[in-house]
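Structure first, commentary second.
Any read-out appearing in this document is the output of simple, stated calculations on the displayed coordinates, not a laboratory observation. The structure displayed is predicted, hence computed values, not measured ones. Cβ sites come from the backbone with ideal geometry, for glycine too, and all protein chains shown count toward neighbours.
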Amino acid sequence: MCAAFAVYSAVVYTSGTETPHLEPISEPARAGQQVFQEYNCIACHQFYGLGGYMGPDLTNVISKRGPIYARAFIASGSARMPNFKLSEPEISALIEYLTFVDGTGSYPPENYQVNWYGTVVQEDDPQ
Amino acid sequence: MNATTGNVIGIRFMRLGLLALAAGMLFGVIGGFQFLFPEFLQELLFTKTRPLHVSLVIAWIFLAAIGGIYFYLPRRCDLSLSWPSAATLHYWVFLVTGLVILACYVGGRFGGREYLEYPAVLSIPIFLSWIIFGLNYFRTVQKSREPWPVYFWMWGTGIVFFLITFTEAYLWLIPFFRDSMVREIIVQWKSYGALTGSWNMLVYGTAIFVASRISENPGVARSKLAYSLYFLGLFNLMFGWAHHTYLVPSATWIRTFAYAVSMTELLILGKILWDWRASLEEYQVHRYCNAYRFLFAADMWIFVNLILALIISVPAFNLVTHGTHITVAHAMGSTIGINTMILLASVFYVIREELPKSVHAGCSRYVAIGYRTTNISLAVFFAALVVAGLGKGFYDGESFQEMMQSIRPALLVFAVSGIALMVGLWVVIWHAFRLLGLVLSPEPVVGQASLQRDSA
C-alpha cells in the first residue's frame, strides 16, 4: 500500500495537475505571490473556493472586474477589508499575481458535465 | 508499576493542550464576530485571529493525543519510555516553537500557506520534534512482547505520516511546484487531507485504547473490525483527499478515485463505538462516567458528520457546497464533535484512573453542565453553518456583499452559539485542567499516590 501511495503521489505531482495552456509564472507575479502570503490574504479570500470566507473568491477577479477595480480595492480597502497600506510596487505585484491566477481556470466552473454516477468533468481539466 | 518521567510529561502535554483549546476557542469567538462586524477589534485583524484560532485548536488535538501516548505507554501498557528525556525535550520544543508562532501571528508576520501561515523556517523545529517523538515511540513499543494492538499501529502510522505529509505541505518551496498554480494548490490540499488523516490516526487510536480499557476488554483493540478500521483509515489517508479540490482543474480520475474511497472509515469507527457501548456493563458506565459520556458524544457526532461528509463527497453536490460554510460545518463537526470529544474522554479516563473518587467527584455536575452546553451549542453552531452554506451555495447573483447580507441571520446564530460553545468547553477545560494538576501535584492527594511521589 505504501508503494502504491508513492507511485500515486508521483503521478499527482507530475501528470494529473499540469496546466499546459499556461505560461510559467513571471517574476512580478511571483513577487505578488510573496505579498499575498506575507499579508495572509488567504485568511479572508479564496482561490478555487479554498481559503477564508470573509471576502470574495479571487480566482477570476481580474477577468470579471478588471485590474483597475482590483487595484482600487487593494489600495483603499472597503467596509469589510482594512487598508493594508501596501506600497505601489506591492499592489502592482499583487495585480500581476491575480492576473496569473485568473489564467489557470475558472471558478465556479462555467462549462462542466455531470456524469450519471456523480462525478464532474470541467472544461479546464487537463486532458 | 513504576512511574517515569513519561507519565508526568504526558500529563503536561495534556494540560498544555487544554490551555491551547481554551485560547483557541476565544480567538474563534472573536473571529466569528469579526465576520459579522468587520470593524470589531481592529487591533487584532481577522487575518490574525483566524490563524490563531486554527493553530491553537490543531495544537490541542496534537498535544492531547501525544500526551495520551506518552502517558499510556508507561502507565497503562507497562512499556516505560526508552528515552524519557527526549519526551521532555519534545515538550519544550513544542512549547517554545508554539509561542514563537503565536507571537508571529499577533505581530502580523506571515509567509507560509493557509493553516501553516507562520514563516516557513519555523517548520524545522516542529519537524525535528516529531522525529524525536517517532524514535522514542518506536523504540518503546518495540519492547512489547505481544503482537501489537491496533492502537499501537495507528499511533505509529500517525507519526510516520505526519512527517511525510508535513514535508509534502512544504513542497511549494520548490520552484517546480510553486511555478504551477494548479499543481501547487492540489499538492497543498493533498498534504492537508493526509495530515488530517495522520492526526485522525492518533485520535482514533486513542478512542480505541480508552474504549478497550473502560470495557476491560482488550479484544476491542484486536478485533477484525478494529484492524479493518486501521487499514481503511490508512487507505483514506493516502488516497481520500481530493474531495477538497474537486473544483480545481485536474485530471478526472483524481476526483473519481477520491470519490470512491471517501469517508468510509468514519462508518467503521462509528460501528466500533456503537458495538462497544452496547457491550458495557452498568458499573463500567458509572465508573468512567465522564470518559463514557464524551465517547458517547463522539459517536453521535460521527453519525452526523458522516451524513454531511458523504453528501459533500459526491462531486455533483460538491459543486454547490464547495467554498461555502458547509465545509466549515464539516471541519467543526470533525475537530470539535469527534476529535475533541474523544480527546476529552481520554483526559477524563486518565483523571478517573489517577485520582480517588473523592477528589474527581465521579460524574461531576459542572462537567455535566459543560458537556451538555458544549454539545447543544455545537449542534446549533453546526446547523447555522449548514444554513449559511446553503444560502451561499444557491446564491446566483454577482454581489458578495448581497450574498453575505442574505446569510447574515444564520451567521448571527453561528456567532452567538459560538459563545455558548466556548463557555461550555471552558467549564470542562477548567475542571480537567485543575484535576490533571492534582495528578501532577507533589502533595499527596488523599488515598492516592501521585505520579511525582511515584517518580521519586
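Given points 7 Å out from each Cα along the Cα-Cβ axis, report the B:V121 to B:L163 separation in nanometres with one decimal.
Going from the B:V121 label point to the B:L163 one covers 2.5 nm.
Can you tell me the relative contact order of chain B? Whole percent, Cα pairs under 8 Å, sequence separation 6 or more.
So the answer I get is 16 percent.
Residue by residue through segment B:82-97, which ³J(HN,Hα) values in whole Hz follow from phi under the Karplus form 6.51 cos²θ - 1.76 cosθ + 1.60 (θ = phi - 60°), with glycine and proline marked x?
5, 9, x, 5, 5, 5, 5, 4, 4, 4, 5, 4, 4, 5, 5, 4
Between segment B:1-62 and segment B:184-263, what is the separation of their alpha carbon centroids in Å?
24
Any idea what the dipole of segment B:120-202 comes to, in debye rounded to 20, about its Cα centre with Lys/Arg Cβ at +1 and Asp/Glu Cβ at -1?
220
Return the distance in nm (one decimal) between the two label points of a simple spin-label model at B:A260 and B:S228, each offset 7 Å from Cα along Cα→Cβ.
Modelled inter-label distance: 2.0 nm.
Top mean-square fluctuation among A:F100, A:F73, A:F36, Gaussian network model of chain A, C-alpha springs under 10 Å?
Looking only at A:F100, A:F73, A:F36, the largest GNM fluctuation is found for A:F73.
What net charge is computed for the residues neighbouring A:L94, neighbours being all others with C-beta under 15 Å from the C-beta of A:L94, Lys and Arg scored +1, Asp and Glu -1? Each step should come with its number before you reach the end.
Working: positive: A:R30, A:R65, A:R71, A:K85; negative: A:E27, A:E38, A:E88, A:E90, A:E96, A:D102.
Once positives and negatives cancel, what remains is -2.
Can you give the Kirkwood hydrodynamic radius for segment B:284-326, in Å, rounded to one decimal and based on Cα pairs?
12.3
Which pairs in the list B:K190/B:K271; B:K48/B:K392; B:K271/B:K392 are over 32 Å apart, alpha-carbon to alpha-carbon? Don't jump to the answer; show the numbers that get you there.
Working: B:K190/B:K271 27 Å; B:K48/B:K392 24 Å; B:K271/B:K392 34 Å.
Beyond 32 Å between Cα atoms: B:K271/B:K392.
Putting +1 on Lys and Arg Cβ atoms and -1 on Asp and Glu Cβ atoms, find which of B:W155, B:L52, B:I214 reaches farthest to the positive end of the dipole of chain B.
B:I214
Roughly speaking, what is the stretch gain from B:W148 to B:Q405, that is 0.36 nm per residue apart minus the C-alpha to C-alpha distance, in nm to one decimal? Walk me through the numbers on the way to the answer.
Numbers: separation 257, 0.36 × 257 = 92.52 nm, distance 5.47 nm.
Taking 0.36 nm per residue and subtracting the Cα distance, the gain is 87.1 nm.
Can you quote the Å³ per residue value for the convex hull of the Cα atoms in segment B:307-443, rounded to an integer?
Per-residue hull volume (Cα only) is 113 Å³.
I need B:D179, B:D396, B:D299 ordered by Cβ neighbour count within 10 Å, fewest first.
On the way: B:D179 16, B:D396 6, B:D299 22.
Least to most surrounded, the residues fall as B:D396, B:D179, B:D299.
Helix-derived [θ] at 222 nm for chain B: sum -39500 (n - 2.57) over DSSP H runs of at least 4, divide by residue count, nearest 500?
It comes out at -25500 deg cm²/dmol, rounded to the nearest 500.
Between B:L41 and B:R277, what is the FRET efficiency for a Förster distance of 56 Å, r being their Cβ-Cβ separation, to the nearest 0.05?
Once rounded, the FRET efficiency stands at 0.85.
Just checking the output field for B:110-118: average partner chain Cβ neighbours within 10 Å of each residue's Cβ?
4
In which sequence would B:L63, B:L436, B:L310 go, from the one with the fewest C-beta neighbours within 10 Å to the one with the most? Could the numbers behind the result be given before it?
Working: B:L63 26, B:L436 23, B:L310 15.
Sorted ascending by nearby Cβ count, the order is B:L310, B:L436, B:L63.
Report the relative contact order of segment A:23-104, percent, no decimals, based on alpha-carbon pairs under 8 angstrom and at least 6 residues apart.
39
Taking a quarter of the surface of the convex hull around the Cα atoms of chain B, what do you get in nm²?
Mean projected area for chain B: 21.3 nm², to one decimal.
With just the Cα atoms defining each centre, how far is segment A:37-64 from segment B:365-419? Give it in Å.
21
Which of rounded, prolate, oblate describes segment B:28-108, given a ≥ b ≥ c as roots of the alpha-carbon gyration tensor eigenvalues and a/c under 1.5 marking rounded, otherwise prolate only if a/b is larger than b/c?
Oblate, since a/c reaches 1.5 and b/c is not below a/b.
Within 12 Å, Cβ to Cβ, of B:I185, how many net charges do the neighbouring residues add up to if Lys/Arg are +1 and Asp/Glu are -1?
Neighbour charge sum, excluding B:I185 itself: +2.
Sort by residue number and report every cysteine in chain B with no other cysteine beta carbon within a distance under 4.7 Å.
Cysteines lacking a close Cβ partner in chain B: B:C77, B:C104.
Between B:R109 and B:I132, what is the label-to-label distance in nm when each label sits 7 Å out along the Cα-to-Cβ direction?
So the label points at B:R109 and B:I132 sit 2.2 nm apart.
When N counts the residues of the protein assembly as shown, how does its alpha-carbon radius of gyration compare numerically with 2.2 N^0.38 Å, as a ratio?
Expressed relative to 2.2 N^0.38 Å, the Cα Rg reads 0.96.
Counting Lys +1, Arg +1, Asp -1, Glu -1, what net charge surrounds B:P119 among other residues with beta carbon under 10 Å of its beta carbon?
Summing Lys and Arg as +1 and Asp and Glu as -1 gives -1.
To the nearest whole number, what is the average tally of beta carbon atoms from other chains within 10 Å of the beta carbons of peptide A:72-84?
For peptide A:72-84, the averaged partner shielding equals 2.
Two decimals is fine: what is log10 I(q)/I(0) at q = 0.18 Å⁻¹ for segment A:23-104, from a Debye sum with one equal scatterer on every Cα and no solvent?
At q = 0.18 Å⁻¹ the computed log10 ratios are -0.69.
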